[in-house]
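Where a number appears in this text, it was derived from the coordinates with a stated rule and is not lab data. Everything numeric in this text was worked out from a predicted model, so none of it was measured. Neighbour counts run over all protein chains shown; Cβ positions are idealised from the backbone, glycine included.
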């Protein structure tokens with residue numbers, strides 16, 4: 001556990017969009033000022049789009065990206081505050097709305113929050129926002145004193161004229177600063193000079209989460225609001241044939257039964273419990289369509305066929321693996337599989353909408369506020385400028401809340417009841433049966449060793465689902481989905497394959513089942529790291545070499561990959577005796593611009609029960625904005641990744657998902673959580689993500705440790721199906 | 001008509017007797033700190049105290065609770081967030097998304113009420129709530145801190 005820096009803790013921080021939802025009412029006052037050039041905040045002019053300083057010196061920092069637990073709100077605020085040179089104890093945050101962003105020509109840039117991009121993609125412009133505001137505050141002081149700005153300095157929300165010692169607080173300068181022309185050239189600090197960014201500061205949004213005050217989308221209340229529960233055809237692609245509403249309408253509190261699109265029906269009632277129980281009483285007839293013929297077995301057969309298919313998209317190639325493999329002194333071959341996963345955010349999907357003929361407003365937890373606005377406008381039959389979205393805090397996202405299906409549904413329902421706010425909340429069952437699932441793939445790997453046991457040739461064939469083909473086929477390149485090769489790319493800043501293999505072929509036979517795919521925390525590095533890192537262990541074993549030494553030799557030309565691997569090996573005690581009965585395993589990969597590695601320590605009992613004692617994890621994310629939150633992300637990513645490894649599996653029967661709640665889709669709990677020792681080792685010079693990369697190394701490190709303990713390779717996930725008993 | 005004693009106040013609610021306590025707390029009483037996660041007593045996001053015992057309110061019909069039973073929700077755990085568990089949660093920055101944390105805190109407070117100095121094994125066996133963000137290690141450390149036990153133990 002990382003210690004929290006002993007900085008003063010602020011008693012109360014509000015995320016205004018979430019907490020303010022109660023007070024904003026149906027029409028948001030902020031929205032009315034959005035298009036004004038000199039937008040004001042409660043009568044106080046903003047210095048720029050990112051910074052408002054109030055007369056009492058409190059600082060409001062605007063955050064465009066969505067907070068869903070990953071800490072981006074605090075991290076982005078740290079970056080702005082660093083350049084602003086403000087007093088961190090006076091910082092609060094707020095979300096600008098998507099409507100404001102639209103009206104102001106996207107002054108806040110991209111709202112989309114996913115792919116571990118929040119900080120690495122926007123750090124430069126948000127820091128410039130903070131720096132520009134500081135320069136304007138300093139200029140305002142210099143103007144007032146009749147001195148040159150260069151003679152003044154700023155620190156902790158105070159500008160000081162060095163020669164005379166005169167001072168002025170930011171709060172006293174804000175009105176004058178807001179009138180100045182923004183600076184044309186802005187220099188950013190060297191990260192080695194940071195005093196706010198780079199420090200393990202406490203989060204800004206913790207206190208309300210410990211008292212029940214924090215308002216999530218599911219908690220929203222608006223005057224006169226009704227509640228809805230929905231059921232979409234359980235077979236993907238199926239349709240709603242019809243329903244008999246009599247029994248549902250007869251139940252207490254029920255106001256309306258609404259057809260939603262082509263495939264769903266919703267009940268609207270005074271309370272959600274009334275709506276949901278009435279939905280159970282509703283007699284629904286589905287037209288399941290041709291997908292009801294699809295089963296897990298038919299999907300698995302398609303993937304198996306792809307493993308040997310002649311045609312495939314090439315993701316990484318060196319030398320001639322196909323020619324070299326038959327000449328190898330020794331070959332190793334293995335086939336792995338990784339099933340569908342559900343995001344299963346703790347807060348089920350929800351959105352609240354109110355529709356009028358000329359305006360529609362939505363409150364929702366979303367990873368992409370602008371996409372929510374577009375979806376709302378489309379469903380409302382209105383122009384985006386006639387709509388507004390108020391983002392609430394997310395009760396988990398993990399990729400699921402980048403989709404807007406629940407927004408479209410909420411607006412469609414609200415449109416049936418003009419002027420009445422309706423909150424749509426999915427039941428857990430609806431949430432589980434209508435996910436955007438982590439794609440299903442299988443992988444066949446073949447390696448060729450030279451007489452000295454060096455890896456000379458490697459063919460990695462991935463067979464299975466493409467997310468891009470499922471969600472945005474127009475983004476395919478010549479039919480190929482480059483994102484399938486996450487962490488396996490020949491180079492680049494996102495996820496370069498670290499191993500040097502003279503003859504290499506990594507290719508993808510795309511096989512797309514009817515199940516809707518989505519981005520699931522870590523996306524394709526999850527299975528790619530399992531496939532590659534478990535297989536490298538197998539090849540090392542076949543070569544008679546130590547798994548660490550074998551990897552080191554292959555990573556000679558990839559110093560950053562090697563550095564994190566060496567760090568976990570050293571801290572994890574690799575090569576030293578483990579406590580009695582414990583065994584270790586390693587894994588490394590690059591993803592989301594960061595280099596990550598893990599060393600796991602496990603015990604497997606004679607009865608086959610696995611205990612994961614500890615994982616030592618390293619990440620080189622270039623620049624570390626909040627090390628204690630990076631540690632939290634590493635731990636959290638391991639819980640998510642290990643849940644998938646241990647239990648995670650959605651299976652298809654008659655075209656629909658079989659797992660509808662946590663009884664059939666178990667989640668790792670505290671008793672199974674390993675100790676995590678995090679090594680945050682930013683080497684500078686680049687910006688890598690932190691929310692996702694480490695998820696990839698937990699599972700393969702544990703699986704390799706299980707092999708060390710049992711001599712058994714687990715190649716079909718989840719682990720719950722494996723028999724690890726020893727005779 | 002049901003009479004419930006929640007956070008020291010008696011509430012009269014007109015509700016179907018089969019309505020789960022969770023939904024009465026959220027929709028009739030209006031206290032939304034207690035969360036809906038699964039509806040089948042799996043995840044623990046709905047945990048409240050009934051006479052001090054951690055209870056998954058999503059699966060308890062309101063008719064099963066009497067006026068004499070004291071129900072405590074996260075809002076009533078302390079008047080100002082000063083319960084030792086809440087203070088430890090803030091000190092260690094436990095929550096991520098936070099959605100499960102009301103239930104987590106209520107489970108932790110009940111555990112400590114029954115076992116003031118829990119062992120690590122007690123904590124790991126006693127806290128069975130689901131957290132998808134994976135705050136488990138900080139949950140464990142915060143319970144130890146609230147109990148005045150060194151995290152190294």
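For segment A:133-187, the Cα-based Rg and Dmax, in that order, read 10.1, 28 Å.
Shown is the FRET efficiency for residue A:330 and residue A:125, computed with R0 = 41 Å from the Cβ-Cβ distance and rounded to the nearest 0.05: 0.20.
Spin-label model, residue A:570/residue B:3: points 7 Å from Cα along the beta carbon direction are separated by 7.0 nm.
With Cα atoms as the point set, the radius of gyration and Dmax of chain B evaluate to 15.2, 51 Å. Taking 7 Å steps out from each Cα toward its Cβ at residue A:179 and residue A:450 produces label points 7.5 nm apart. FRET efficiency for the residue A:318 to residue A:167 pair, using the beta carbon distance and R₀ = 51 Å, is estimated at 0.25. Full extension of the segment from residue A:611 to residue A:681, taken as 0.36 nm per residue of separation minus the current Cα-Cα distance, would add 22.4 nm.
Between residue A:310 and residue A:653, residue separation times 0.36 nm minus the direct Cα-Cα distance comes to 120.5 nm.
Quantify how much of the Cα-Cα distance distribution of segment A:285-334 extends past 17 Å, in percent. Counting every Cα pair in segment A:285-334, those more than 17 Å apart make up 64 percent. Between residue A:280 and residue B:91, the simple label model (points 7 Å from Cα in the Cβ direction) yields a spacing of 4.4 nm. Can you give the log10 of the normalised intensity I(q)/I(0) at q = 0.18, 0.24, 0.32, 0.33 Å⁻¹, computed with Debye over equal Cα scatterers of segment A:412-460? Treating every Cα as an identical point scatterer, log10 I(q)/I(0) equals -0.79, -0.94, -1.09, -1.11. Antiparallel beta bridges, as assigned by DSSP with both residues in segment A:16-210, represent about 80 percent of the total such bridges. Once the Cα atoms are used to define both axes, helix B:101-114 deviates from the longest principal axis of chain B by about 80 degrees. Gain on full extension, evaluated as 0.36 nm per residue between residue A:721 and residue A:295 minus their Cα-Cα distance, stands at 151.5 nm.
Computed from the C-beta positions of residue B:63 and residue B:40 and an R0 of 22 Å, the FRET efficiency is 0.75 to the nearest 0.05.
The DSSP beta bridges internal to the protein assembly as shown are antiparallel in roughly 75% of cases.
For segment A:393-486, the spread of Cα positions along the three principal axes, ordered from largest to smallest, is 76, 30, 23 Å. Based on the alpha-carbon gyration tensor of chain A and its eigenvalue square roots a ≥ b ≥ c, which shape applies: rounded if a/c is under 1.5, prolate if not and a/b is larger than b/c, or oblate? Taking the square roots of the gyration eigenvalues as a ≥ b ≥ c, chain A is oblate. What shape does segment A:517-651 take by its C-alpha gyration tensor, where a ≥ b ≥ c are the square roots of the eigenvalues and a/c under 1.5 counts as rounded, a/b above b/c as prolate, and the rest as oblate? Rounded is the answer for segment A:517-651, as its axis ratio a/c remains below 1.5. In terms of its C-alpha gyration tensor, segment B:84-146 comes out prolate, because a/c is 1.5 or above and the ratio a/b outweighs b/c.
P(r) tail for segment B:2-75: Cα pairs beyond 21 Å make up 11% of the total.
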